[in-house]
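For reference, the structure discussed in these notes is given below.
Just so it is clear, none of the values below were taken in a lab; they were calculated from the coordinates. Everything numeric here is computed off the predicted structure, so don't read it as measured data. Every residue, glycine as well, gets a Cβ built from its backbone with ideal geometry; the counts of neighbours run over all protein chains shown.
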C-alpha cells in the first residue's frame, strides 16, 4: 500500500517537473489582458507561444511576439525555472508581478530603417508595412529610426490603444520570450497568427 502511494506521488512529481520544463523552455500559453492587438487578438484570448530558449527562431516583419517590457527585468534561465516551479502561481495564473510581458507585432528587424508618417502609415526601408485588420492612426510627429544589429521595432495592431516601440523605443532580442504561433482560445476562433 505504501509503495503504491509513493509510486503515485513520484508519478505526479515527474509529471509536474516535465510540465514545468515544457512551460519554462519550450512553449507557454499566455492570457491576453488588453486590447492592444485588437481586432486580431482580443481580451481574454489565449495564445500559444513557442519560446526561443532552445530553438533558433527567426523573427521577421509581421510576426507576433511576446517579450518582457523594457521597464522590467529579463529573468535568466534559473530564475525562470524557479518561477515556474511555484505551484500556487501556476494554478492561479498569477506569474511574476515584477515582469510585465507584452504581445506585439514586429514591423522592423535588425538593420531596418523604420518611418511612421503623421498619417500613421508605417514604412520599413521605404516600403509600406500593411497588416490585415489594422488601421493607421494619426500621430503628432513623424518617426524615423534606424535599428541596430540587435533591435526590433514592434507595434500593437490597435495602434490607438497600444503602448509599443513608438513610446519605449526598439526592443533587443534578449527581451523576446518567443513567437506567438496560434490563438487557441476561444475555441471557435483558433487561428495561425503569422500567416
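Ordered by the number of other Cβ atoms lying within 10 Å of each residue's own Cβ, fewest first, 59, 31 fall into the sequence 31, 59.
Measuring between their Cα centroids, the range 107-161 and the range 1-49 lie 33 Å from each other.
Residue exposure proxy: 49, 12, ordered by other Cβ atoms within 10 angstrom of their Cβ from fewest to most, comes out as 12, 49.
Compactness of the range 104-147, taken as the C-alpha radius of gyration over 2.2 N^0.38 Å, stands at 1.09.
Let me know the whole percent of all Cα-Cα pairs from the range 2-58 that are separated by more than 19 Å. Cα-Cα pairs of the range 2-58 separated by over 19 Å account for 54 percent.
Our estimate of slack between residue 13 and residue 54, defined as 0.36 nm per intervening residue step minus the Cα-Cα distance, is 12.4 nm.
Apply the a/c threshold of 1.5 to the C-alpha gyration tensor of the range 135-195 and tell me whether it is rounded, prolate or oblate. Judged from the Cα gyration tensor, the range 135-195 comes out oblate (a/c at least 1.5, b/c at or above a/b).
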